[in-house]
Amino acid sequence: MSMISKQLTKNDIEKSLLIPTDSFSIVPVQFEGGCFYNVNAVDGAGKAWDFPCFVQQSEGIVSVDWLRFLSGKDVRAGDTVFLHRKPMDDGGGDLTASAKLKIEVKRKIRLMGEDIWAV
């Protein structure tokens, strides 16, 4: 399974998520065709999200508009966002044909001397 992960900064949660363009190899989008495109992903509850993205080629980053996704969530600087391609069973048994991009934000917490990830 391919994955992008990034520890979030204050800018990521107040303005837009910035991710290096070379990290986007798991997203089936060609950057050369234009600077704007949409990335579709599902969250842990199965809700579909559409993320408008802008490629800043001179900076080598992709700016992801995800503030609507963050609305109502207790996301803080220091939390980590994970984007990964995950097989979704469509009932036909062919998991690879129905792979989707999944998005999760998790917080590492220390509990009884061990690090765990909380969604």
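The values are calculated or read from the model by the stated rules, or taken from the named source; none is laboratory data. Since this is a predicted model, take the numbers as computed values, not measurements. Don't worry about glycine lacking a Cβ; one is built from the backbone with ideal geometry, like all the others, and counts go over all protein chains shown. Note: areas computed on protein heavy atoms with side chains; ligands, DNA, RNA excluded. Shrake-Rupley method; radii C 1.70, N 1.55, O 1.52, S 1.80 Å.
A search for C-beta distances below 6 Å between a residue of the stretch 1-16 that is of a type outside the set (Phe, Trp, Tyr) and any residue that is assigned to a helix (DSSP H, G or I), counting only pairs 6+ apart in sequence or on different chains, returns 2/26; 4/23. Residues satisfying the criterion are present in the stretch 12-30 (criterion: modelled with pLDDT of 90 or more, assigned to a helix (DSSP H, G or I) and open to solvent by 60 Å² or more (accessible area, probe 1.4 Å)).
Residues that are farther than 15 Å from residue 5 by Cα and modelled with pLDDT of 75 or more occur in the stretch 88-107; there is at least one.
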